[in-house]
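The values are calculated or read from the model by the stated rules, or taken from the named source; none is laboratory data. Given the structure is predicted, the values throughout are model-derived calculations rather than measurements. Backbone-built Cβ (ideal geometry, glycine too); neighbour counts: all protein chains shown. In case anyone asks, the SASA skips ligands and DNA or RNA and just uses the protein heavy atoms, side chains included. Shrake-Rupley method; radii C 1.70, N 1.55, O 1.52, S 1.80 Å.
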Amino acid sequence: MGYRRRDWLTYWLLKWLVVNPLFRGLYFGRTYGQENVPRQGSLIIFSNHASHLDPPLVANAVRRPVAFMAKEELFQVPALKQVIRLYGAYPVKRGGSDRAALRATEAALARGWAVGIFLNGTRTPDGRIPQPHLGAALVAARTQTPLLPVALWGTEKVLPKGSRWPRLFCPITVRIGKVIPPPPASSDKADLQQATAGYVQAIHALLDQGR
């Protein structure tokens, strides 16, 4: 079972009425590599993370709904909770493993969703990935789902950590790499670490292309 009609409707309404106009108009947005995105089937999208704006920008760039893990504290804000749930987010506990979030991720993939995972787990001030987690590689190995690298350049200037309001007219570029096959299902921790190091390298190579 794939996306429901409501999932697509919510995605397209938010994309064309809110996200894309802001991305193109206020942030001079550019997107490269959209031809690399599989249009159907389960997919793990891994990315760098520097701003709260990153999840909708990733979904906007890949032109399909993306379910993202979001820290559970965000689901305690009534208005925000409704918006992020409509856009496919689901809660995860920060610190330690969260089996419920892992099960939710695998369930979304089983329904044919694209799932977004930030390699660093939290925002970084420069958009780089200094301490990658193994989550993307682990889920890919367990579910045998292909992965897609997406690099967000410039979002660290729009809404950096500690900022209450977004800055306007900061150029943003999104670059999408080639699909990567999942690690073998039999992968051990060393295999997952090696795969994750490759994912980080892929993101940094895209970021280094700049604007």
Worksheet, complete the sentence: With Cα springs under 10 Å, the Gaussian network model of the chain assigns the largest mean-square fluctuation among GLY127, GLY88, GLY33 to GLY33
Discussion item. Let me spell out the model: positive unit charges on the Cβ of Lys and Arg, negative unit charges on the Cβ of Asp and Glu, origin at the Cα centre of the chain. What dipole size does that give, in debye rounded to 20?
Written reply: 620
Item to complete: Mind ranking PHE28, PHE118 by accessible surface for me, highest first, 1.4 Å probe?
Response: PHE28, PHE118
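Within the set of other residues whose C-beta is less than 13 Å from the C-beta of SER163, count the net charge using Lys and Arg as +1 and Asp and Glu as -1.
+4
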Response to the item:
Checking VAL62, VAL200, VAL83 against a Gaussian network model of the chain (alpha-carbon springs below 10 Å), the top fluctuating residue turns out to be VAL83
Fill in: Area of TRP12 that stays accessible when all protein chains are in place (1.4 Å probe, Å², to 10)
90
Worksheet item: With point charges of +1 on the Cβ of Lys and Arg and -1 on the Cβ of Asp and Glu, referenced to the Cα centre of the chain, which listed residue (LEU53, PRO181, ALA136) lies farthest in the positive direction of the dipole?
Response: LEU53
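Based solely on its DSSP helices, what 222 nm [θ] is calculated for the chain when runs of n ≥ 4 H residues each add -39,500 (n - 2.57) and the sum is averaged over all residues, nearest 500 deg cm²/dmol? Intermediate results must be reported in sequence, preceding the final value.
Working: 6 runs with 68 residues, N = 211.
-10000 deg cm²/dmol, from helical runs alone.
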Response to the item:
For LYS15, the lysines lying under 22 Å Cα to Cα, once residues fewer than eight places off in the same chain are dropped, come out as LYS81, LYS157
Item to complete: Pop a pseudo-label 7 angstrom from the Cα along the beta-carbon direction at both VAL77 and ALA190 and give the gap in nm to one decimal.
Response: 4.4
Worksheet item: When the accessible area of segment 6-74 is computed with all protein chains present and a 1.4 Å probe, what percentage of it is carbon and sulfur?
Response: 62
Discussion item. Using 10 Å bins from zero, what percent of all Cα-Cα pairs in the chain falls into each bin?
Written reply: 9, 36, 40, 14, 1
Worksheet item: Which whole-angstrom value gives the distance between the alpha carbon centres of segment 129-173 and segment 28-72?
Response: 9
Discussion item. Cross-link candidates for LYS71: which aspartates and glutamates have Cα within less than 18 Å, leaving aside residues fewer than 8 places away along the same chain?
Written reply: ASP54, ASP98, GLU106
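Can you give the relative contact order of the chain as a percent, counting alpha carbon pairs under 8 Å and 6+ residues apart? Walk me through the numbers on the way to the answer.
On the way: 384 pairs, mean separation 61.1, N = 211.
Dividing the mean separation by the residue count of the chain yields 29 percent.
Compute the signed sum of charges (Lys and Arg +1, Asp and Glu -1) over the other residues within less than 15 Å, Cβ to Cβ, of VAL62. Before the final figure, lay out the partial values.
Working: positive: LYS15, ARG30, ARG39, ARG63, ARG64, ARG175, LYS178; negative: ASP7, GLU35, ASP54.
With Lys, Arg at +1 and Asp, Glu at -1, the net is +4.
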Worksheet entry | Cross-link reach list, aspartates and glutamates versus LYS178, counting only Cα pairs under 15 Å and skipping chain neighbours closer than eight places | GLU35
Practice prompt. Please arrange GLU72, GLU35 by accessible surface area, largest first, computed with a 1.4 Å probe and ligands excluded.
Written response: GLU35, GLU72
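With contacts defined as alpha carbon pairs under 8 Å and 6 or more residues apart, what's the relative contact order of segment 92-150 in percent?
On the way: 32 pairs, mean separation 15.3, N = 59.
26 percent.
Taking 37 °C and 0.692 mPa s as the conditions, I'd like the Stokes-Einstein D for segment 95-199 in µm²/s, using the Kirkwood hydrodynamic radius from alpha carbon pairs. If you can, show how the numbers build up before the last one.
Working: Rh = 15.3 Å.
So the translational diffusion coefficient is about 214 µm²/s.
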